[in-house]
Ligand code: ATP
Ligand code: MG
């Protein structure tokens, strides 16, 4: 097995070995190289102590010196060089209380989470694979190094990492490893929301967002996204659906591009259906009001998971409008764009398509035809650069003051009425016409 190491990685490994130490590329970069994937970063593991590493290279940064990690800078690129270590006791299910450095590579590989992440490589020794990493890559399985119970008890985040790697690589989680997750999933409560968020996003934007099913089956979502459990438990007996709410949302994620905002939107677009669910006398399920309740709930959930405000705003807006259907004439579409916000387009069309394609075939062509026509009208409006917001209006508050209106609330109201007029009659968006409308005080809506 040969792996093509980047020149800079070779240089770092050679410098360390020439000084009498051992050094290997390790972890994710070895795994990804063998799989023919492009590694995100190249990590190096070495028998040299952190101060010995610092001594050998011109530019270094103490990234995690207490854990033995020094970043070596080569040009603009940084490479994490970590001293062989054994993790001591874990107290908070996340951080080892002490780190013991060792001279033995195998000891270092033993502390790593999964067999496929516990391989090392350099050009003299070739591949070091003592835990069956290659075999598991071939079998496409995620398996813990050693006892899964012990590994997940030491660090609960590893359980989310297991599903995240399964999603990214299209692998399955090996039986004992999965059983241990089911048993220990409640320990995830001790992991910070920020760290869970990182793993969740990697899972959602991967090629296999359907792994959310495993997050549910193993009991992990119950800890950090119990709303998803409710979705998986809510059937939809009506004309339009063929899945429960959770399964429908999973399929909707599979129907949309691997973008964070879009995948989070599809995950949460029906999040309020369980709380809005009403069953009528015929046993038919209705979910009136679920978009607006869903927008509120999505906001709450994303906040709890410590997402940034921009993500929270965008996802909750798309959840709010996912089922909005304006009349398909130009004026109404311009009003819809104004109401919904230009920034939600064209993403909203993708959301609507993904949602429709995750339902049964009842009226599917009709619904897709509606979305196509909606999008076509939107595009025509955009191409004509028509006025859609107060900012595009041919008059400003100052223009109204100049013709004698008193500064205050009235100005805002007049501008809004002008905008409503222009959304219906775009050809009237000239200073002259609008000023004239205000002056003559005629009803202009
Ligand atoms: P990615 O492509 O996401 O960077 P990666 O495998 O490189 O994947 P990192 O989080 O960068 O993952 O970690 C680098 C290596 O460190 C892993 O391959 C694994 O060997 C080890 N590792 C990282 N986190 C843990 C953990 N929580 N428990 C045990 N080993 C870990
Ligand atoms: Mg990495």
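Just so it is clear, none of the values below were taken in a lab; they were calculated from the coordinates. All figures in this text were calculated on a predicted structure; none of them were measured in a lab. Note that each Cβ is placed from the backbone with ideal geometry, even for glycine, and that neighbours are counted across all protein chains shown.
For the Cα atoms of the chain, what angle does the longest principal axis make with the long axis of helix 157-169, in degrees from 0 to 90, nearest 10?
Once rounded, the angle reads 70 degrees.
Using a 7 Å offset from the Cα along the Cα-to-Cβ direction at both residue 409 and residue 243, what is the distance between the two label points in nm, to one decimal?
About 4.9 nm separates the two model spin labels.
Sort 126-132, 158-164 for me by packing, meaning the mean count of neighbouring Cβ atoms within 10 Å per residue, highest on top.
Highest to lowest by the protection proxy: 158-164, 126-132.
Normalised by the residues of the chain, what does the relative contact order come to in percent, with Cα pairs under 8 Å and at least six apart?
On the way: 699 pairs, mean separation 36.0, N = 445.
Relative contact order comes out at 8 percent.
Taking the simple approach of a point 7 Å from Cα along Cα-to-Cβ for both residue 213 and residue 4, what is their distance in nm?
In this crude spin-label approximation the distance works out to 3.7 nm.
Quickly work out the residue 361-to-residue 376 label distance, labels modelled 7 Å from Cα along the C-beta direction, and quote it in nm with one decimal.
In this crude label model, residue 376 to residue 361 measures out at 2.4 nm.
Please list 411-419, 290-298 highest first by mean number of surrounding beta-carbon atoms within 10 Å per residue.
Ranking the peptides 411-419, 290-298 by packing returns 290-298, 411-419.
Mind jotting down the distance between the C-alpha centroids of the stretch 211-228 and the stretch 100-158, whole Å?
Taking the Cα centre of each part, the stretch 100-158 and the stretch 211-228 sit 26 Å apart.
Working out 0.36 nm times the residue gap between residue 67 and residue 392, then minus their Cα-Cα distance, what length gain in nm do you get to one decimal?
Once the chain is fully extended between residue 67 and residue 392, it gains 111.4 nm.
On full extension of the chain, what length is gained from residue 328 through residue 76, given 0.36 nm per residue of separation minus the C-alpha to C-alpha distance?
Stretched fully, the residue 328-residue 76 segment lengthens by 85.5 nm.
Distance between Cα centroids, the stretch 267-345 to the stretch 348-383: provide it in whole Å.
So the separation of the two Cα centres works out to 16 Å.
Please give the helix 193-204 orientation as an angle from the longest Cα principal axis of the chain, in degrees from 0 to 90, rounded to the nearest 10.
Roughly 80 degrees, rounded to the nearest 10.
Would you calculate a helix-derived [θ] at 222 nm for the chain, using -39,500 (n - 2.57) for each DSSP H run of n ≥ 4 and dividing by the full residue count, to the nearest 500? Intermediate values should be presented prior to the final figure.
On the way: 23 runs with 224 residues, N = 445.
The helix-only estimate for the chain comes to -14500 deg cm²/dmol at 222 nm.
Got the relative contact order for the stretch 332-397 handy, in percent, Cα pairs under 8 Å and 6 or more residues apart?
Answer for the stretch 332-397 is 47 percent.
For the chain, take the longest principal axis of its alpha carbons; what is the angle in degrees between that and the long axis of helix 364-383, to the nearest 10 within 0 to 90?
80
So, R0 is 60 Å and r is the distance between the beta-carbons of residue 420 and residue 125; what FRET efficiency does that work out to, to 0.05?
On the way: r = 74 Å, r/R0 = 1.23.
Taking R0 as 60 Å, the efficiency between residue 420 and residue 125 is 0.20.
Subtract the Cα-Cα distance of residue 278 and residue 150 from 0.36 nm times their separation in residues, and report this length gain in nm to one decimal.
41.6 nm
Relative contact order (percent) for the stretch 119-186, with alpha-carbon contacts under 8 angstrom and 6 or more residues of separation? List each step's numbers first, then the result.
Values: 58 pairs, mean separation 21.1, N = 68.
Relative CO of the stretch 119-186 lands at 31 percent.
Looking at the chain only, what percent of DSSP beta bridges run antiparallel? Nearest 5 please. Walk me through the numbers on the way to the answer.
On the way: 25 of 30 bridges.
Beta bridges within the chain, antiparallel portion: roughly 85 percent.
Given a Förster distance of 56 Å, report the FRET efficiency between residue 98 and residue 349 from their Cβ-Cβ distance, rounded to the nearest 0.05.
Working: r = 54 Å, r/R0 = 0.97.
That pair, residue 98 with residue 349, gives E of 0.55.
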